[in-house]
Structure formats: structure tokens, C-alpha cells
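Chemist: The structure is given below, and queries will be raised subsequently.
What follows draws every value from the coordinates through simple rules; no lab data is involved. What you are looking at is a predicted structure, and each value in this text was computed from that prediction instead of being measured. As a convention, Cβ positions derive from the backbone with ideal geometry for all residues, glycine included, and neighbour counts pool all protein chains shown.
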Amino acid sequence: MSNVTIRPIEEGDIEACLAIYNYEVLNGVATLDLEPRTLEEWKQWYCDHDDAHHPIVVGIINDMVVGYASLSPYRMKEAYKSTVELSIYIHPEYRGQGVATQLMGYILDIAKANPNLHNVVSVITAGNEGSRILHERFGFTYCGLLPEVGFKHGAYQDTETYALLV
């Protein structure tokens, strides 16, 4: 397992996080975005995560951002305020080295310490065994499958929802 330094995101980390995300947009199905995000969009993403409910943390190895985790609003209706959606993305060269595990533990500790948060939801593309195993290891409950909700890379993609009460 790689030794990762985890800290809150800084403005200077935005481009590295964007590159990690856009790699997945172009090459994978962990996100069902079809077009790479722009720097302006990612700066807005950064600004939208400026409170205790919606943190972003980055994992650093040798002064390089190798992954990030974020808690985002689950839905915009006020009744959902205590629920957040988890996202974790890892640089392709650092996958399988424990970075996601360390980021998951760190961001879940933040969620558990926040008395205003109650539920962490994660939506993953079906077939992502690494993500499934990671969520189960941290006690997430499998909540169900939505069949063929997205079309990417020439195939329909299913999503699976997981939840963790904190």
C-alpha cells in the first residue's frame, strides 16, 4: 500500500483533479460523462464544495495529486440536505495501490464527524469490481441496480447504488 498524504483540496490542485476525471471520461465508465469537463467547469465544481457538508480531499504521493474524494449534494431538494453523494477517482498509474482505500476512510471520517450528515450514497457503474469491493469493505449497503441507464463506449451501462448511514 502506497503512503498517501491526504489533505483538503487547494485551488492549485484543480487541474490535476480535472485531468484524473477527464481520463475516466475518455477511457472508462466510472463516470458516464461523455465529454471532458473544462477548467472553468471544474473551478465551479471546486467552488461548489466550499462548506463542511461538501468537502473535497486529495491524495498526494511525491508532491503529485494521485486521486481525490468528494462529498456532493445528493439532490437539490431541502429534505435531502443530510445526504451526500460520494465520488472517488484515482490516477490510472496509482490504481490498485490502496489510494482509494485511504481516501475512502478519510472522507468517511469527515462525514461521520459532521452531525448534520446522515447518509452517504455512492452510485457506481456496474461491473466495477474494485469499487464494489471497496464499498463493501467500508460497510456500505447495496441498494439496487438501475439497468441500462447510460450509453457509453458503444454499450448500455447499468449503475448500482450503495448507501452508508453515518
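Chemist: List the residues whose amide H sits under 5 Å from the amide H of LYS152, counting only those 5 or more places along or on another chain, with H placed 1.01 Å from N in the peptide plane.
Modeler: GLN157
Chemist: Taking θ as phi - 60°, what are the ³J(HN,Hα) couplings along region 81-94 by the Karplus curve (6.51, -1.76, 1.60), each to the nearest whole Hz, with x for Gly and Pro?
Modeler: 4, 8, 10, 10, 10, 8, 9, 9, 10, 10, 4, x, 6, 10
Chemist: Next question, about the same structure. Taking the Cβ-Cβ separation of SER2 and ASP51 as r and a Förster radius of 35 Å, what is the calculated FRET efficiency to the nearest 0.05?
Modeler: So, using R0 = 35 Å, E works out to roughly 0.70.
Chemist: Rounded to the nearest 0.05, what FRET efficiency do ASN114 and ASN27 give with R0 = 45 Å and r taken as the Cβ-Cβ distance? Could you check?
Modeler: Efficiency, rounded to the nearest 0.05: 0.85.
Chemist: Hey, got the dipole for the chain? About the Cα centre, +1 on K and R Cβ, -1 on D and E Cβ, debye to the nearest 20?
Modeler: 500
Chemist: Please work out the Cα center distance from region 117-166 to region 32-53, rounded to the nearest Å.
Modeler: 21
Chemist: If you don't mind, another one. Could you sort the peptides 74-80, 48-54, 157-163 by per-residue average Cβ neighbour count (10 Å cutoff), highest mean leading?
Modeler: For the peptides 74-80, 48-54, 157-163, the packing ranking is 157-163, 48-54, 74-80.
Chemist: For ALA126, which sequence-distant residues (separation of 5 or more, or a different chain) have an amide H within less than 5 Å of its own amide H, given hydrogens modelled in the peptide plane?
Modeler: ASP158, THR159, GLU160
Chemist: Using a 10 Å cut-off around each Cβ, can you sort VAL120, VAL57 from fewest to most neighbouring Cβ atoms?
Modeler: Neighbour counts put them in this order, fewest first: VAL57, VAL120.
Chemist: Turning to a different aspect of this structure: Given only helices, namely DSSP H runs of n ≥ 4 each adding -39500 (n - 2.57), what is the per-residue ellipticity at 222 nm of the chain, to the nearest 500 deg cm²/dmol?
Modeler: For the chain, the value works out to -9000 deg cm²/dmol.
Chemist: To continue, here is another question. Checking the a/c ratio against 1.5 first, then a/b against b/c, what shape does the Cα gyration tensor give for region 73-166?
Modeler: In terms of gyration-tensor shape, oblate.
Chemist: Under a crude label model (7 Å from the Cα following the beta-carbon direction), how far is GLU40 from LYS77 in nanometres?
Modeler: Rounded to a tenth, the inter-label distance reads 3.3 nm.
Chemist: May I ask you to evaluate 6.51 cos²θ - 1.76 cosθ + 1.60, the Karplus curve with θ = phi - 60°, for each residue of region 27-40 and list the ³J(HN,Hα) values in order in whole Hz, giving x for glycine and proline?
Modeler: Couplings: 10, x, 10, 5, 10, 9, 4, 9, 10, x, 7, 8, 4, 5 Hz.
Chemist: Would you list, by chain and number, the lysines whose Cα falls below 21 Å from the Cα of LYS81, excluding same-chain residues fewer than 8 positions away?
Modeler: The qualifying lysines are LYS112.
Chemist: Let me ask you something else. On the first, second and third principal axes, largest extent first, how far apart are the outermost C-alpha atoms of region 21-83 in Å?
Modeler: Answer, in whole Å and largest first: 37, 30, 21 Å.
Chemist: Using θ = phi - 60° and the Karplus relation 6.51 cos²θ - 1.76 cosθ + 1.60, list the HN-Hα couplings for region 152-159 in order, rounded to whole Hz, with x at every Gly or Pro.
Modeler: Whole-Hz 3J(HN,Hα) from phi for region 152-159: 8, 6, x, 8, 6, 10, 8, 10.
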